[in-house]
Structures are given as C-alpha cells and as structure tokens.
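Visitor: Below is one structure. I have some questions about it.
The values are calculated or read from the model by the stated rules, or taken from the named source; none is laboratory data. All figures in this text were calculated on a predicted structure; none of them were measured in a lab. Cβ placement follows ideal geometry from the backbone for every residue including glycine, while neighbour counts extend to all protein chains displayed.
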Amino acid sequence: MSTWKLQKLCYYSQAWALAWTEKPIFNEDFEAWSNGPVCPVLFQEHKGKFSVSKGDISGDSSCLTEDEKDTINIVLKDYGNMEPYDLRELSHSEAPWKDARGDLPESVRSDEVITKEAMGEYYESL
C-alpha cells in the first residue's frame, strides 16, 4: 500500500478509537499537512518510500487490545478500499484537519497538531 494511504488509515484508526473508547491506540500525534493528516514519526520511518509492505511496518500487534484490533478492522473494512486521494479529500472536508490548518492555503506547509481531543469529539459526533 502507498505510504500516503497508510497515513490516512492510521489517522482514521486513531480517530475512531478516540471517538469510541476515548483512548488513543498510540501516543504519537498527527499534524495538518497539505496532503491531510500525517504522523511525523510514521513519516520518518518510511521516508523516501512510495509504498510499504507488511515487512516494512514495525510494531507488535499483540500489544493491541481487542477493542483496538476491532477498531482497526472496522477502519480497514470501511476505508481500506478507498484510494489515497479519496482519503485525502475526505480528511480535508472534516473539522479536525480544517480547524488545525485554520486559514492556511492547502499549498502551505504546516506542522500544526490535530489534537486527540478534536479528533475524538468530531468523530464521536458523527
């Protein structure tokens, strides 16, 4: 999968976990980059790559709770078939990314954090 799509699927997994359980799956933040939400730590891990495979993804899934696994599986089911550009457009239409960017044009770089509180509140309201 493309690194771009991986970023968005991680974002939506985090967002829905916050909405449903009020607990993050991971501690790292997402920032309101031009192409949508990006986790800088994840970006650095795959910097320079267009796509990743299972072997390129670090982490231990056995550390996830059943709720976290369920959330990720629901996100993969609901968003996994979407193209990266569609996920980008979806995130651009939603308040957490838009509010973090404020009045910045899409072409301008930003490292503004999309807060976990904003994510949880917005997706909980849907």
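Visitor: Every residue in region 45-75 that is in a helix (DSSP H, G or I) and modelled with pLDDT of 95 or more, please.
Guide: If the condition is that a residue be in a helix (DSSP H, G or I) and modelled with pLDDT of 95 or more, then GLU66, ASP67, GLU68, LYS69, ASP70, THR71, ILE72, ASN73, ILE74, VAL75 are the ones that fit.
Visitor: Which residues, counting only those in region 94-116, are over 25 Å from SER51 (Cβ atoms), surrounded by fewer than 15 Cβ atoms within 10 Å (Cβ to Cβ) and out of contact with any helix residue (DSSP H, G or I) (no Cβ under 8 Å at 6 or more places or on another chain)?
Guide: GLY102, ASP103, LEU104, PRO105, VAL108
Visitor: Which one of SER2, SER34, SER91 is in contact (Cβ under 8 Å) with a residue 40 or more places away in the chain, hydroxyl-bearing (Ser, Thr, Tyr), touching an Asp or Glu at 6+ places or on another chain (Cβ under 6 Å) and under 24 Å from GLU112 (Cβ atoms)? Full working, then the answer.
Guide: Details: SER2 fails: touching an Asp or Glu at 6+ places or on another chain (Cβ under 6 Å); SER91 fails: touching an Asp or Glu at 6+ places or on another chain (Cβ under 6 Å).
Of the residues listed, the single one that is in contact (Cβ under 8 Å) with a residue 40 or more places away in the chain, hydroxyl-bearing (Ser, Thr, Tyr), touching an Asp or Glu at 6+ places or on another chain (Cβ under 6 Å) and under 24 Å from GLU112 (Cβ atoms) is SER34.
Visitor: While we're looking at this one, here's another question. Give me the pairs, please: first residue somewhere in region 98-123 and farther than 22 Å from LYS23 by Cβ, second residue anywhere and acidic (Asp, Glu), beta-carbon distance under 9 Å, and either six or more positions apart or on two chains.
Guide: That search, which allows pairs on different chains as well, returns ARG101/GLU112; GLY102/GLU112; LEU104/GLU112; SER110/GLU31; ASP111/GLU31; GLU112/GLU31.
Visitor: Could you check region 27-44 and list, in sequence order, the residues that are assigned to a loop (DSSP other than H, G, I, E, B), modelled with pLDDT of 95 or more and under 12 Å from the mean Cα position of the chain (by Cα)?
Guide: Selection gives GLU28, ASP29, CYS39.
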